[in-house]
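Taking it in order: structure first as structure tokens, then the write-up.
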Amino acid sequence: MSGAVVVGVTTSWASALVRISPYTYAALGIAIAIGVSVLGAAWGIYITGSSLIGAAIKAPRITSKNLISVIFCEAVAIYGVIVAIILQTKLESVPATQLYAPESLRAGYAIFASGIIVGFANLVCGLCVGIIGSSCALSDAQNSSLFVKILVIEIFGSALGLFGVIVGIIMSAQATWPVKA
């Protein structure tokens with residue numbers, strides 16, 4: 001019976017993806033927003049922290065002032081938490097008869113897309129801030145006049161995460177569930 005085609009039954013991926021509950025998509029979006037944002041923050045802290053500790057051997061004076069780079073990385077995780085809370089408030093109960101209504105699907109997809117955008121924007125932001133923070137620590141150990149100049153670049157790098165948050169909030173505005181009948 002392998003290879004038999006049943007009339008009226010489609011076996012495409014699109015057919016399978018449409019049958020997944022919009023609540024599942026929304027939950028995945030919320031999980032990706034927070035999980036990938038925390039991953040980006042951890043990766044940035046790892047990059048910055050290892051360079052900071054290594055450079056502090058030569059110049060111990062840089063340790064306290066370069067902790068600002070670690071704080072910028074931690075802000076990336078906070079962005080993910082904030083957006084996850086905002087997306088969670090978008091969830092509403094829908095009767096089973098309207099679960100797969102176009103409005104329900106759009107709401108689930110909007111929350112999913114918002115979570116992906118925020119999560120991956122913050123992943124890239126965490127890496128960016130971590131790499132620039134590493135450069136800041138190493139440069140500051142060699143020449144302390146470079147600290148403020150590189151810190152300005154780090155601030156611009158951290159703005160990437162805010163852009164992701166803004167786009168995610170705009171996209172989540174499309175998440176309107178059907179009115180209960």
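Roughly how many whole Å is it from the C-alpha centroid of region 21-100 to that of region 108-181?
9 Å
At 7 Å along the Cα-to-beta-carbon direction for both Thr89 and Lys149, put a label point, then send me their distance in nm to one decimal.
It is 4.4 nm.
What are the radius of gyration and Dmax of region 81-181, computed over its Cα atoms and given in Å?
For region 81-181, the Cα radius of gyration and maximum Cα-Cα distance read 19.7, 68 Å.
Please report, in debye to the nearest 20, how large the charge dipole of the chain is about its Cα centre when each Lys and Arg carries +1 at its beta carbon and each Asp and Glu carries -1 there. Intermediate values should be presented prior to the final figure.
Values: 8 positive and 5 negative charges, 21 e Å.
So the magnitude is around 100 debye.
Compute the projected area of the convex hull of the Cα atoms of the chain, averaged over all viewing directions, and report it in nm² to one decimal place.
Working: hull surface 56.7 nm².
The directionally averaged projection comes out at 14.2 nm².
Measuring from label point to label point, each 7 Å out along Cα→Cβ, what is the Val167 to Ala42 span in nm?
Output for this residue pair reads 2.4 nm.
Under 37 °C and 0.692 mPa s, how fast does region 62-120 diffuse according to Stokes-Einstein, given a Kirkwood radius computed over C-alpha pairs? Answer in µm²/s, whole number.
Values: Rh = 13.9 Å.
D = 237 µm²/s.
Could I have the simple spin-label model distance between Glu103 and Trp13, label points 7 Å from Cα toward Cβ, reported in nm to one decimal?
Modelled inter-label distance: 3.1 nm.
For Ala59 and Ala159, what is the calculated FRET efficiency with R₀ set at 30 Å and r taken between the beta-carbons, to the nearest 0.05?
According to the calculation, E is roughly 0.60.
I want to verify the translational diffusion coefficient of region 40-138 in µm²/s; compute it with Stokes-Einstein, Rh as the Kirkwood radius over Cα pairs, at 25 °C and 0.890 mPa s.
In µm²/s, the coefficient is 159.
At 1.4 Å probe size, with no ligands or nucleic acids counted, give the accessible surface of Leu138 in Å², nearest ten.
90 Å²
Using per-residue counts of other Cβ atoms within 10 Å, averaged over each peptide, order 141-152, 167-178, 68-79 from highest down.
Listed from highest to lowest mean packing, they are 68-79, 167-178, 141-152.
The values are calculated or read from the model by the stated rules, or taken from the named source; none is laboratory data. Note that the coordinates shown come from a computational prediction; the quantities given were computed from them, not determined experimentally. Glycine also receives a Cβ, built like all others from the backbone with ideal geometry; neighbour counts cover every protein chain displayed. To get the accessible areas, we keep the full protein, side chains included, count just its heavy atoms, and leave off ligands, DNA and RNA. Shrake-Rupley method; radii C 1.70, N 1.55, O 1.52, S 1.80 Å.
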